[in-house]
Amino acid sequence: IDEILLAKCLEFIEKKDISKAEEYYALISTDDSERIREKYYEVGIDFFKNSKYEDAIKYLANAKTHKDAESLLKDCYYNIGSQQYSKGDYNNALSNLEKVSNYKDSANLIDDCNYQISLKKFNEQNYQEAIAYAKKSQKAKSLLDTIYAKCLSMGKEHLNNYANGGETKLLSQASDMLKLCDQSNEEVKKCLSIINAADSYNEIKSYFGN
């Protein structure tokens, strides 16, 4: 019976139907994992040779104890990621390249993906995410400084508007922006301290010369 089940399992692997293959594999009582692993590897390598890397991953992942499967899996993730990077699909490229961060030039590509995503988030005025990605990129040091400066400028603008008769909600908006900034910055510290002061309104008016 196991031979019949094994034959069906191998047949469905050959047909590239993983779910059916796994159904039959679950019914096999003997350990035929090596033969099954070899079949997964054969189909995976066929996909790999035809540059169908996502399909190759599905099969090679089931054969990862095969001596060559691990290196091919790395190639698959790297090739997918580098192709996505070339197309400017930085989020998906990052997701794949991070799986092989120490492989080939993945580290450099990952660094630039973080930079490019940070720049995009900054241009979309999503400063919190822009900062998060910029912090992961060595290339983004000057960009991070620019984002911090923008957040500080916006925080001060909210405070100034509040001091000139603006709504109370401007205080929380100012605080939110300032908390995104470099907390070692003396001006950031000062602005946050006057927001939290007992007489914050007069402190703010005094600070902004109103």
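The values are calculated or read from the model by the stated rules, or taken from the named source; none is laboratory data. As the structure is a computational prediction, the values presented were derived from the model and not from experiment. A quick note on method: Cβ atoms are made from the backbone with ideal geometry, for glycine too, and the neighbour counts reach across all protein chains shown. When the accessible area is computed, the model is the full protein with side chains, heavy atoms only, and any ligands, DNA or RNA have been set aside. Shrake-Rupley method; radii C 1.70, N 1.55, O 1.52, S 1.80 Å.
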Exercise for review: Output the pairs from 8/74; 169/189; 135/179; 58/136 with a Cα-Cα distance over 27 Å in this structure; if there are none, say none.
Suggested key: 8/74; 58/136
Point to revise | Under Karplus coefficients 6.51, -1.76 and 1.60, residue-wise ³J(HN,Hα) of the range 153-161 in Hz, glycine/proline x | key: 4, 5, x, 5, 4, 4, 5, 5, 5
Study note, to complete from the structure: Quick shape check on the range 95-210: root eigenvalues a ≥ b ≥ c of the Cα gyration tensor, a/c under 1.5 is rounded, otherwise prolate if a/b tops b/c, else oblate, and it reads prolate
Check your understanding: Percent of accessible area on the range 44-124 owned by carbon and sulfur, 1.4 Å probe?
Key -> 43 percent
Exercise for review: Go ahead and run the numbers for FRET between residue 182 and residue 95, Cβ-Cβ distance against an R0 of 25 Å, rounding to 0.05.
Suggested key: 0.30
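How much length is gained on full extension from residue 126 to residue 68, taking 0.36 nm per residue of separation minus their Cα-Cα distance?
Gain in length upon complete extension: 16.6 nm.
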Check your understanding: Does the chain come out rounded, prolate or oblate by the C-alpha gyration tensor, with a ≥ b ≥ c the root eigenvalues, rounded set by a/c under 1.5 and, if not, prolate when a/b is larger than b/c and oblate if not?
Key -> prolate
Study note, to complete from the structure: With every protein chain in place, the accessible area of residue 131 for a 1.4 Å probe, in Å² rounded to the nearest 10, comes to 10 Å²
Practice item. With a probe of 1.4 Å, find how much accessible area the range 141-184 has per residue, and write the answer as a whole number in Å². Key: 53 Å²
Practice item. Kindly identify the range 150-210 as rounded, prolate or oblate by the Cα gyration tensor criterion: order the square roots of the eigenvalues as a ≥ b ≥ c, call it rounded if a/c is under 1.5, otherwise compare a/b with b/c, prolate if a/b is larger, else oblate. Key: prolate
Review point. What is the distance in Å between the Cα centres of the range 45-66 and the range 83-137?
Key: 25 Å
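Assuming R0 = 41 Å, can you tell me the calculated FRET efficiency for the pair residue 135 and residue 199, based on Cβ-Cβ distance, to the nearest 0.05?
0.70
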